[in-house]
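Read through the structure below, which is laid out as structure tokens, and then see the notes.
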Amino acid sequence: MSHRSDALPVPSGQTRSQVLRDQSIYTQLLEVTRHLQQTMREHFVQLMSRQGLLQERRHTQAIREQEALLSRLLCQMINLLQSGATGGLELQVPLPSEDSRDDVRYGQGTQLSGQPDPVPQLSDCEAAFVSRDLSNRGIGIYALYQLSFQDYNAYQKDKYHKDKNTLGFINLGTSENKLCIDLMAERLQESDMNCVEEALLQYPDWRGQPFLREEVARFLTYYCRAPAPLDPENVVVLNGCCSVFSALAMVLCDPGEAFLVPTPFYGGFAFSSRLYAKVELIPVHLESKITAINTYPFQLTVDKLEEALLEARLEGKNVRGLVLTNPQNPLGDIYSSDSLMKYLEFAKRHDLHVIIDEIYMLSVFDESITFHSVLSMKSLPDRSRTHMIWGTSKDFGISGFRFGALYTHNKEVASAVSAFGYLHSISGITQHKLCQLLQNTEWIDKVYLPTNCFRLREAHKYVTAKLKALEIPFHNRSSGLYVWINLKKYLDPCTFEEEQLLYRRFLDHKLLLSCGKAYMCKEPGWFRLIFADELPRLKLAMRRFCDVLEEQKQDLIAKQLEDAIRE
Amino acid sequence: MFTLPQKNFRAPTTCLGPTCTQDLDGSHGDDLEGECSRKLDQKLPGVGDPATLSSDTSYLSSRGRMIKWFWDLAEEGYRTYHMDEYDEDKNPSGIINFGTSENKLCFDLLSRRLSQSDMQWLEPSLLQYPDWRGHLFLREEVAKFLTFYCKSPVPLKPENVVVLNGGASLFSALATVLCEAGEAFLIPTPYYGAIIQHVCLYGNVRLAYVYLDSEVTGLDTRPFQLTVEKLEMALREAYSEGVKVKGLILINPQNPLGDVYSPEELQEYLVFAKRHKLHVIVDEVYMLSVFKESVGYRSVLSLERLPDPQRTHVMWATSKDFGMSGLRFATLYTENQDVATAVASLCRYHGLSGLVQYQMAQLLQDHDWINQVYLPENHARLKAAHTYVSEELRALGIPFLSRGAGFFIWVDLRKYLPKGTFEEEMQLWRRFLDNKVLLSFGKAFECKEPGWFRFVFSDQAHRLRLGMQRVRQVLAGKSQVAEDPPSLSDPGAK
């Protein structure tokens, strides 16, 4: 699975309300800037023609560079202003910030806020720069990526290390399991892993090497408890679950068509479906409140699905499918086989495909809970429209391997997805390692899974105890690598802007979390916190977490006091 | 919408994804056209859009049906070959593959190198989500490697490098970020036909062909010569047809011609592109597979000054030069940070394993092994294989082109086509396949003259011998030739 930190398509910088307030100023500024740019261009055209006559090439070159720089700067300004003025745009670009986030984005802890350094300022605006060289969709991809990954990239450049970089970022935002690296490293260094055969170095079967597809089929048959052996011909392996999802979206939908997704929902797929396939995700909003129909928080019911579908259809949307994640991300919920059956029947009733992502299926760490894979069902309501995705990123903690598998009973779909094989292919050498890994069920059952579950449980226990001490409500589940926590009480007012500010405050303290907005959560104030990290790091992270909340609390009190005095 | 350009639909062989990717380009050209008209006749008389085929029973979207339709036809050919692959012991009467451009001459060297202990290193960060541009350690090695082997006048920079899982992915990503749907790249033909599929599948980008011919006319000095005049003409033509051209794709060393562009020519093409504000994608995937010293290959990165560095994007991969098409490693080098970042934005779909990235870094930094062991041996073996096949062809009196780069010889079999049509080209190709030797035919490279074939020679001697024997048999059976074979200057035969 690709980077599931799923950071958030959230506009940074000024809030929307601020932007709207200043809109008239922006409009004027825009005019001025446009005019300025025009003038400059003419000026440089003149300059250059004169220089050309004088044959002062070097000088001309310098002027050209200067012009390029200036026009780039001006483009940035215009774009910034435009994006600011249309705050509702999906691809809103980060505004140049006067706040203290610069250091976060660049991992330059030394930089003083409020004293803009010209060089970082330039790159700060990069997403806003309307490139002359990219296509419009290229710019869109660029901007979406910058928005979604800038904090992740900052983390990549400034990772915490216990000796070398104690002030670096700790990442409890990206869903990675770092608890069993020792076991995996040991396993991967065994002699059976290193194989260099001629066939591995040559063009593969683009659906995946037959030996790997056979192994995946066997593995899923066993761990999903399939009633009958699964067929390797129904397996397609690609370099990650996002690739699988992207290819599925391409072949199941035409551009502009849509999938239903219950939210909160893993944001990475939203990124995938938008980027290449141009498929829309229509949220089925779930609520935290317990009511007559909602027997537990964020419960998914068929009524809600029906309602969302009807609404979408009334709006003229062509809904082609339903996307489910089980175990759920970020909730950690597991669907009972009854509920799952109802969702599948709902889909069948409306001729919808069901894409079901079971990437956390082996990360259920409470033995009393039974996970029911969709592949375990004796009779699927609509076999030809049920497509299951699984990968090793989460359950085996090897997101860097780039492996995702599709299992579908529909040969037509499998074959169409295969057409994307050469764009999402996996190295033969890696395919061999994966095959060896999946094959060794003895090691998985006796060594890896018990240890992994134990460590997940311990880490979960540690984090939830802290949360309880802080009296922070959370969704207490026993699967996945995360807890879904409610920080509403730290937001005043309880808005997405405040959620974003709190998120930023965590970043300022070098702690990366994911906020609810990134999961299309309807209610502000929810965060996802990854606990699958080693204890020393986790401890430090929780200390930073507490510090931030304490700071936030003090601010709230101060603010309330101020308000009280004013009244 | 996923729409294929009309031109390509009429000549669909070039659109066959995996077939072309694997250079089994020819496998199903005729089937596709046949299939197409057959299906259209049966189901949708008079309708020319295959996307609507069998929509009543399909679970797929219309673009999904289109994608699958092309894929199946292609895949079928690929499977035919794989179901009956030649094996010296197990299947001596199986198909010999002269179609796929793979270097099978140096597996022994590679396997030894990849099995050395430095390759087995493992650290946690290799198992976790990477920097999507590629791990920094690898990008640093790539920059050093390209600086050295492309003879760059200045050190190349790691921040200009983006690493992906193969050249196909790179074409796809570049097409997506440089062009809008429906826009086009210019490409001189004959060309490596899989590119249309790479740029089309996700990006829905077209190709505008610069047709070259074998006849040496005017100021040309050699067959299939690319000139700026021809580029200008093709560009004008595309514009007049309402096609917006965003860039030019150059493959150097050229595939299938086995030719290289001189630095002067390269400079002219780049200046042409700059004049029209076109991006240039230079695919140098065969840059170290120039096995004749006299050829004097120059990478675009070796040029003192690029006319338009912000619009010049260079591709390289290990698939060909290191004979590892299954390893899935390619790299982009571009000074344009917007382009690099935009391509990197797509890399979560085109990433490769951290462990493989580590191995690639180890391989690329081992200049001693590359210079002293691998390259000399590889070039010697390529040269020997090339000599064998070209002498066989000469003995048969068959003209061909090949200047000593790449894995292939561009063979002129026009005298075996009495009417000189693409149908006959296809029939001849089938006859080869029936006689268990797989070749690629010219149509798959969008060659405008029927009768050209690409022979891949980078294979073990025993397979080459058997393959050539089968080729001879087919051609002997076809010796009743057209009375007046077209003439061709034949530098390769000199």
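The values are calculated or read from the model by the stated rules, or taken from the named source; none is laboratory data. All of these numbers come straight from a predicted model, not from anything done at the bench. Quick reminder, even Gly has a Cβ in these numbers, built from the backbone with ideal geometry, and neighbours come from all protein chains shown. Only protein heavy atoms, including side chains, enter the accessible area calculation; ligands, DNA and RNA are left aside. Shrake-Rupley method; radii C 1.70, N 1.55, O 1.52, S 1.80 Å.
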**OP:** Treat each spin label as a single point 7 Å out from the Cα along the C-beta direction, and report the A:Ser384 to B:Lys292 distance in nm.
**Re:** 5.7 nm
**OP:** At 7 Å along the Cα-to-beta-carbon direction for both A:Ser336 and B:Leu396, put a label point, then send me their distance in nm to one decimal.
**Re:** 7.2 nm
Subject >> Residues in segment A:409-430 that, when all protein chains are in place, have 40 Å² or more less accessible area than the chain alone would give (probe 1.4 Å) >> reply: A:Glu412, A:Ser415, A:Ala419, A:Phe420, A:Tyr422, A:Leu423, A:Ser425, A:Ser427, A:Ile429
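I need the peptides B:175-183, B:373-381, B:116-124 ranked by packing, meaning the mean over residues of other C-beta atoms within 10 angstrom, with the highest value on top. Walk me through the numbers on the way to the answer.
Details: B:175-183: 22.8, B:373-381: 16.9, B:116-124: 13.3.
Averaged packing, sorted descending, gives the order B:175-183, B:373-381, B:116-124.
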**OP:** Could you sort the residues of segment B:109-128 by number and keep only those whose accessible area is reduced by 20 Å² or more in the all-protein-chain setting relative to the chain alone, 1.4 Å probe?
**Re:** B:Leu114, B:Gln120, B:Leu122, B:Pro124, B:Leu127, B:Gln128
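How charged is the neighbourhood of B:Leu266? Take every other residue with its Cβ under 14 Å from the Cβ of B:Leu266, and add Lys/Arg as +1 and Asp/Glu as -1. Working shown, then result.
Working: positive: B:Lys151, B:Lys274, B:Arg298, B:Arg305; negative: B:Asp259, B:Glu264, B:Glu265, B:Glu268, B:Asp283, B:Glu284, B:Glu304, B:Asp308.
Net charge around B:Leu266: -4.
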Subject >> Backbone HN-Hα couplings from phi across segment B:460-465 [Karplus 6.51/-1.76/1.60, Hz, Gly and Pro as x] >> reply: 4, 4, 5, 6, 4, 4
**OP:** Take the alpha carbon atoms of segment A:545-564, find their center, do the same for segment A:190-212, and report the distance between the two centers in whole angstrom.
**Re:** 57 Å
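At most 15 other Cβ atoms within 10 Å and a DSSP loop assignment: could you name the GluC sites (Glu not before Pro) in segment A:380-471 that fit? Intermediate results must be reported in sequence, preceding the final value.
Details: sites: A:Glu412, A:Glu442, A:Glu458, A:Glu471; in loops: A:Glu471.
Qualifying residues, ordered by number: A:Glu471.
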Original post:
Summing +1 for each Lys or Arg and -1 for each Asp or Glu, what net charge is found among the other residues whose Cβ lies under 11 Å from the Cβ of B:Asn252?
Top reply: -3
Subject >> Total accessible area lost when B and A pair, probe 1.4 Å, Å² to nearest 100 >> reply: 7500 Å²
Original post:
When the Cα centres of segment B:452-478 and segment B:128-181 are compared, how far apart do they sit, in Å?
Top reply: 37 Å
Subject >> Under-5 Å amide H pairs with A:Gly391, H placed in peptide plane, nonlocal only >> reply: A:Ala405
**OP:** Compute the FRET efficiency between A:Lys522 and A:Ser368 as 1/(1 + (r/R0)^6), taking r as their Cβ-Cβ distance and R0 = 30 Å, and round to the nearest 0.05.
**Re:** 0.45
Original post:
Can you work out the FRET efficiency for the pair B:Phe148 and B:Thr57, with r the C-beta to C-beta distance and R0 = 56 Å, to the nearest 0.05?
Top reply: 0.50
**OP:** Using R₀ = 25 Å, calculate the FRET efficiency as 1/(1 + (r/R₀)^6) where r is the Cβ-Cβ separation of A:Glu197 and B:His82; round to 0.05.
**Re:** 0.95
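How crowded by other chains is A:394-402, given as the mean number of beta carbons from other chains within 10 Å of each beta carbon? Let's see the in-between values first.
Details: counts 0, 0, 1, 3, 6, 6, 15, 9, 12.
For peptide A:394-402, the averaged partner shielding equals 6.
Dipole of segment B:123-365, Cα-centred, from +1 at each Lys and Arg C-beta and -1 at each Asp and Glu C-beta, to the nearest 20 debye? Before the final figure, lay out each step's value.
Values: 21 positive and 26 negative charges, 81 e Å.
Charge dipole of segment B:123-365: 380 debye, to the nearest 20.
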Original post:
So for segment B:123-365, taking the charge dipole from beta-carbon charges (+1 Lys/Arg, -1 Asp/Glu), which of B:Val271, B:Phe329, B:Trp316 sits furthest toward the positive end?
Top reply: B:Phe329
Original post:
What whole-number value in cubic angstrom gives the convex hull volume per residue for the C-alpha atoms of segment A:361-415?
Top reply: 77 Å³
Original post:
In sequence order, what are the phi-derived ³J(HN,Hα) couplings for segment B:183-196 according to the Karplus relation 6.51 cos²θ - 1.76 cosθ + 1.60 with θ = phi - 60°, rounded to whole Hz, with x for glycine and proline?
Top reply: 7, 9, 10, 7, 8, x, 10, x, 9, 5, x, 5, 4, 4
**OP:** Eight or more residues apart or on different chains, and alpha-carbon atoms under 21 Å: count the Lys pairs in segment B:123-365 matching that.
**Re:** 13
**OP:** Would you be so kind as to identify which of B:Tyr286, B:Pro256, B:Phe145 lies farthest towards the positive end of the dipole of segment B:123-365, taking Lys and Arg as +1 and Asp and Glu as -1 on Cβ and the Cα centre as origin?
**Re:** B:Phe145
**OP:** For segment A:316-328, take each phi angle, set θ = phi - 60°, evaluate the Karplus expression 6.51 cos²θ - 1.76 cosθ + 1.60, and give the result in whole Hz per residue in order, putting x for glycine and proline.
**Re:** x, 7, 9, 8, 9, x, 10, 10, 10, 10, 8, x, 6
Subject >> segment B:123-365, accessible area per residue, ligands and nucleic acids excluded (1.4 Å, Å²) >> reply: 27 Å²
**OP:** State whether segment B:123-365 is rounded, prolate or oblate according to the following rule on the C-alpha gyration tensor (a ≥ b ≥ c being the square roots of its eigenvalues): a/c under 1.5 gives rounded; otherwise a/b larger than b/c gives prolate, and the remaining case gives oblate.
**Re:** prolate
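What number comes out for the charge environment of A:Ser191, summing +1 per Lys or Arg and -1 per Asp or Glu over other residues with Cβ under 15 Å away? Let's see the in-between values first.
Values: positive: A:Arg187, A:Lys433; negative: A:Glu186, A:Glu190, A:Asp192, A:Glu197.
Neighbourhood net charge equals -2.
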**OP:** Please list the non-local residues whose amide H lies under 5 Å from the amide H of A:Ser479, H modeled 1.01 Å from N, same-chain partners needing a gap of 5 or more.
**Re:** A:Phe365
